[in-house]
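Chemist: First the structure, which I've put down as structure tokens, then a few questions once you've had a look.
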Amino acid sequence: TPHRDYIRDWVPPDPKSTALRMHFTSRAKPKEDPRNIMVQHVAVGTWYYKVPPNATPKDWLRLRQDCHEMVYAQNDDDDINAKVPLRSSHGKAGGLNFVDNYITIVNDRPENSYPNNDQNEAPSLYAIADARHQFQPDFFISCIPCFFQENGDLNRRVGFTQAPQHYPEYQDKFDYLDNNNAQFFRLNAMIRNCCGGVSSCGTNGMWQLANRDNTTIWQRRLKRVRDRDSRLRTELIEREQFHTSCKIEDTASSLDRVLVGEYSHFVNRKLSYGMSKSPEGFLGAQQRWVEGAITLCLQWITQNADAHGQAKRNGPLLWCVIIAFAIYVFALLRLVTIEFTSSLLVQIGLVSAEDFDHFIRTPLSPLISKAYDMLMAVRGGHSPNSYSYKVYEDMTLQFIVWMGTCFLCFVALWLFTTMCRACRGFVVFPNEMKWWGRLVISFDNLTYWVWFWTSFFWIGFNVFLATTPSTFHFNNIGMMSFMLAATILNYALIISNSMRFSIMESIDANEIAFLSMDNIWRANQLFFMVGPIQGFSVFTGTKNFLSYLLYGQDIGGWAGGDLTQVSIAIVKYWTTTLILAAIGCWVYLFTSNPTPTEYQSRRPGCIIFTFIAMDVLHPCIYLWTVGNKFTSDEAAKMTMLQKLSCSRWWKAKLAAVVLNETTTNVFRYVAPTYNFMLPILVFYNASFGVSGGFTLVSVGAGH
């Protein structure tokens, strides 16, 4: 019966022989009228059940069996019993909350109680494995110790553990769309784990759930939709542990734990094997993640987030990070756009100009003068484009003051955080710098979609340089040094961190998950591929938020196939456009009859844009040829004219030429090769400097 729950319990014949118990739960999934909006409250077209005032958790399953559909023009005027939606969340989070509530009832049964009341009130562990993932035998052995301190006591500040997602059927070299999300799990997550800031990824996670008041299994929530008399009222819903208000319940629930001061543990081992639907399904997941992040961000900004308890009260902590970031951006823009020779503290009157000159300018002036003389000696003296000493001194002093101000702000934050540690029994505020680190990571999880335009900008910038002669004034030796340093630092960061964490894992579990060159290459590909998906998701995510806010619509569920098809179409045509545009730039360069100077100016843009097109060639060909079935037997029966007019033959040939191990081995080293070659090319042709330098900073290794 679709509108009724199906639950089965297994207990061994001798209950005392083992503590193992198994429970199968299948939540009700009634047929709903597609004409009605799928909402989270009781409305026309939704199913609900009634809860009398004296109901207890033991009555919960029985009450759910007696459910009804709200029918138009047939009002239920029962003012005594509360109406509770049968499915306040149609997505994954609703199922997780249903199981959590059911296990709570099971644990309260007399036969499952411990003699010691402290054990009955202890937290519980909740492990999640999606339908296509299978825990390995050592999953629990590896994750459970993370919830305990070295002396064996339970660490209640550990909110959850997270193991990476691993799909063994896709090797790195053939994972054309980065289905394994390797760089995140093998590098980014390891770095974030230094402060306990890894967010949950849904599956392969284990949560520590605190003991709650089990005298009731329902809770009150303010309705998002006004009643007919234009008043907002509260409604009764089933108790929720995991967020049901967006498509990324894992990130939303992780944010709750960060706001209350808890942290996570990332276990970098292949403790769960997954069976992926298809590599292109990862593109659909990208769209879902961005839509969820936009929705969750707008919910917190507008104070409509579905947070719980202390996490909701600690919401201003997230605003502290937002304000600090806004101030930093403002200070950075002020640094590069406004000429000033003193500190902001002098301008607002906190420090006198005489004290600033005495303690800052006077001691620094000799050092700046020596640096200026050394630079002039390296350059061989002044040139027509050289700065005067006064400009150089003011510019250098301005930068030093800005850096010093940032350092002082960091020290002030550290002192204030240390003071809060001594008063943590009275104030709820970050009492360690790692807590601030976790808040910054959460802020990034909510707002990374804001930078979707960067891939468009850098592609457009290189197209502009490839088609329009441009003139820049800079020293090519200085630019070469800057680009070479940026490249070395990028790769040094990746290699050192990856090796350090890999050595740690090899010592701990004799297992290595090393970041390969394929993973770095796929990450660079992803930067240029998903820009259009993220841009499209900005509109769909905003639409979802408005539906959630204005109509109370349930936006926590999704149809994976629909998202995947839209994402595939976007990426397929976008990458094709990039490849054709790169070819068009070269054609235009040779057919526009440029002067020698114009040719030298435009050629670097064509070369760099060609490298970008080569980065996306693999996924482009894969998306156009995936699912193409053309056998050698079919080819043998066709004439050459038939083959040339057959699209399946062309797809098979393209896949054979591009999607093979030899071509992959060549392409994956193209990106690091031109990253190191660009600084040398700047020395040969200064026009590579602006385009290549900023491209390295924005989309370099490890972006």
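Chemist: Considering (1) of a type in the set (Gly, Ala, Ser); (2) closer than 30 Å to residue 169 by Cβ; (3) assigned to a helix (DSSP H, G or I), say which one residue 252 fails and leave the rest.
Modeler: (2)
Chemist: In segment 589-613, which residue that is charged (D, E, K, R) and surrounded by fewer than 20 Cβ atoms within 10 Å (Cβ to Cβ) is nearest to residue 529 (Cα to Cα)?
Modeler: Among them, the one singled out is 603.
The rows are residues; the columns are (1) open to solvent by less than 60 Å² (accessible area, probe 1.4 Å); (2) at pLDDT 85 or above; (3) in contact with a helix residue (DSSP H, G or I) (Cβ under 6 Å, 6 or more places away or on another chain).
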residue: 393; (1), (2), (3): yes, no, yes
residue: 403; (1), (2), (3): no, yes, no
residue: 407; (1), (2), (3): no, yes, no
residue: 415; (1), (2), (3): no, yes, no
residue: 424; (1), (2), (3): no, no, no
residue: 430; (1), (2), (3): yes, yes, yes
residue: 442; (1), (2), (3): yes, yes, yes
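Chemist: Considering segment 429-449 alone, what residues qualify as being of a type outside the set (A, V, I, L, M), over 17 Å from the mean Cα position of the chain (by Cα) and in a helix (DSSP H, G or I)?
Modeler: 434, 435, 436
Chemist: It is to be established whether one or more residues within segment 576-588 are assigned to a helix (DSSP H, G or I), open to solvent by 60 Å² or more (accessible area, probe 1.4 Å) and over 18 Å from residue 462 (Cα atoms).
Modeler: No, because not a single residue in segment 576-588 is assigned to a helix (DSSP H, G or I), open to solvent by 60 Å² or more (accessible area, probe 1.4 Å) and over 18 Å from residue 462 (Cα atoms).
Chemist: For segment 106-163, enumerate the residues that are assigned to a helix (DSSP H, G or I) and of a type in the set (Val, Ile, Thr).
Modeler: Listed by number, the residues that qualify are 106, 141, 144.
Chemist: Still on this model: Are there any pairs, at least 6 apart or on different chains, whose C-beta atoms fall under 6 Å, with the first in segment 387-411 and among the β-branched types (Val, Ile, Thr) and the second at pLDDT 75 or above and open to solvent by less than 80 Å² (accessible area, probe 1.4 Å), and if so, which?
Modeler: Correct list of pairs: 396/368.
Chemist: Kindly indicate the residue of segment 141-179 that is modelled with pLDDT of 85 or more and among the acidic types (Asp, Glu) and also most open to solvent (accessible area, probe 1.4 Å) among those meeting that condition.
Modeler: My answer is 150.
Chemist: Give me a count of the residues in segment 488-512 that are modelled with pLDDT under 75 and within 16 Å of residue 682 (Cβ to Cβ).
Modeler: Residues flagged as modelled with pLDDT under 75 and within 16 Å of residue 682 (Cβ to Cβ) within segment 488-512 amount to 0.
Conditions (1) within 34 Å of the chain's Cα centre (by Cα); (2) within 16 Å of residue 217 (Cβ to Cβ), marked per residue:
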{"site": "11", "(1), (2)": "no, no"}
{"site": "41", "(1), (2)": "yes, no"}
{"site": "51", "(1), (2)": "no, yes"}
{"site": "54", "(1), (2)": "no, yes"}
{"site": "75", "(1), (2)": "no, no"}
{"site": "89", "(1), (2)": "yes, yes"}
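Chemist: Something else about it: Please go through segment 332-375 and pick out each residue that is without any contact (Cβ under 8 Å) to a residue 12 or more places away in the chain and of a type in the set (Val, Ile, Thr).
Modeler: Selection gives 336, 337, 338, 346, 348, 351, 362.
Chemist: Right, next: For residues that are open to solvent by less than 70 Å² (accessible area, probe 1.4 Å) and among the β-branched types (Val, Ile, Thr), scanning just segment 1-46, find the one that is farthest from residue 113 (Cα to Cα).
Modeler: Ranking the candidates gives 44 first.
Chemist: Please go through segment 539-556 and give me each residue that is over 13 Å from residue 286 (Cβ atoms) and part of a helix (DSSP H, G or I), ordered by number.
Modeler: Correct list: 539, 542, 543, 544, 545, 546, 547, 548, 549, 550, 551.
Chemist: Working only within segment 42-72, note down all residues that are farther than 14 Å from residue 215 by Cα and among the basic types (Lys, Arg).
Modeler: 50, 62, 64
Chemist: If you don't mind, there's one more thing I want to ask. Determine which member of the set 592, 601, 547, 537 is of a type in the set (S, T, N, Q), out of contact with any strand residue (DSSP E or B) (no Cβ under 9 Å at 6 or more places or on another chain) and more than 30 Å from residue 687 (Cβ to Cβ).
Modeler: So the residue among 592, 601, 547, 537 that is of a type in the set (S, T, N, Q), out of contact with any strand residue (DSSP E or B) (no Cβ under 9 Å at 6 or more places or on another chain) and more than 30 Å from residue 687 (Cβ to Cβ) is 537.
Chemist: Looking at this structure, is residue 284 open to solvent by less than 10 Å² (accessible area, probe 1.4 Å), at pLDDT below 90 and within 17 Å of the chain's Cα centre (by Cα)?
Modeler: Taking the combined requirement at face value, the residue satisfies it.
Chemist: Quick check, is residue 419 assigned to a helix (DSSP H, G or I), modelled with pLDDT of 85 or more and within 14 Å of residue 328 (Cα to Cα)?
Modeler: When the stated conditions are applied, residue 419 does not pass them.
Chemist: Can you tell me which residue is nearest to residue 389 (Cα to Cα) among those in segment 341-369 that are small (Gly, Ala, Ser) and exposed (fewer than 15 other Cβ atoms within 10 Å of the Cβ)?
Modeler: 369
Chemist: What's the total number of residues in segment 47-77 that are in contact (Cβ under 8 Å) with a residue 24 or more places away in the chain, open to solvent by less than 80 Å² (accessible area, probe 1.4 Å) and in a helix (DSSP H, G or I)?
Modeler: Residues meeting the conditions: 5.
Chemist: Could you grab me the full set of residues in segment 45-88 that are touching a Phe, Trp or Tyr at 6+ places or on another chain (Cβ under 9 Å), closer than 16 Å to residue 237 by Cα and small (Gly, Ala, Ser)?
Modeler: The answer is 55, 82.
Chemist: To continue, here is another question. When only residues in segment 370-380 that are among the small types (Gly, Ala, Ser) and open to solvent by 50 Å² or more (accessible area, probe 1.4 Å) count, which is modelled with the highest pLDDT?
Modeler: Only one residue fits best here, namely 377.
Chemist: Can you list residue pairs whose Cβ atoms sit under 9 Å apart, with the first residue in segment 164-175 being of a type in the set (Phe, Trp, Tyr) and the second being in a helix (DSSP H, G or I) and at pLDDT 70 or above? Count only pairs 6 or more apart in sequence or on different chains.
Modeler: From residues that are of a type in the set (Phe, Trp, Tyr), the pairs are 174/661; 174/664.
Chemist: Now, a different point. What are the residues in segment 450-473 that are surrounded by 19 or more Cβ atoms within 10 Å (Cβ to Cβ) and under 25 Å from the mean Cα position of the chain (by Cα), if any?
Modeler: Within segment 450-473, 455, 458, 459 meet the criteria.
Chemist: I would also like to ask the following. Regarding residue 134, is this residue polar (S, T, N, Q) and either in contact with an Asp or Glu (Cβ under 7 Å, 6 or more places away or on another chain) or open to solvent by 20 Å² or more (accessible area, probe 1.4 Å) (or both)?
Modeler: Yes, satisfied.
Chemist: Okay, next question. Of the numbered conditions (1) under 30 Å from the mean Cα position of the chain (by Cα); (2) of a type outside the set (D, E, K, R); (3) loosely packed, with under 14 Cβ neighbours inside 10 Å, residue 657 fails exactly one; give the number of that condition.
Modeler: Unmet condition: (1).
Chemist: May I pose another question? Give the residues of segment 614-649 that are open to solvent by less than 30 Å² (accessible area, probe 1.4 Å) and in a loop (DSSP other than H, G, I, E, B), sorted by residue number.
Modeler: 646
Chemist: Now, a different point. From the residues in segment 289-315 that are assigned to a helix (DSSP H, G or I) and charged (D, E, K, R), which one is farthest from residue 201 (Cα to Cα)?
Modeler: So the residue we want is 313.
The values are calculated or read from the model by the stated rules, or taken from the named source; none is laboratory data. Remember, predicted model here, so these are calculated numbers, not experimental data. Cβ atoms come from the backbone with ideal geometry, glycine included; neighbour counts cover every protein chain shown. Areas reflect the complete protein model, heavy atoms only, side chains present, ligands, DNA and RNA absent. Shrake-Rupley method; radii C 1.70, N 1.55, O 1.52, S 1.80 Å.
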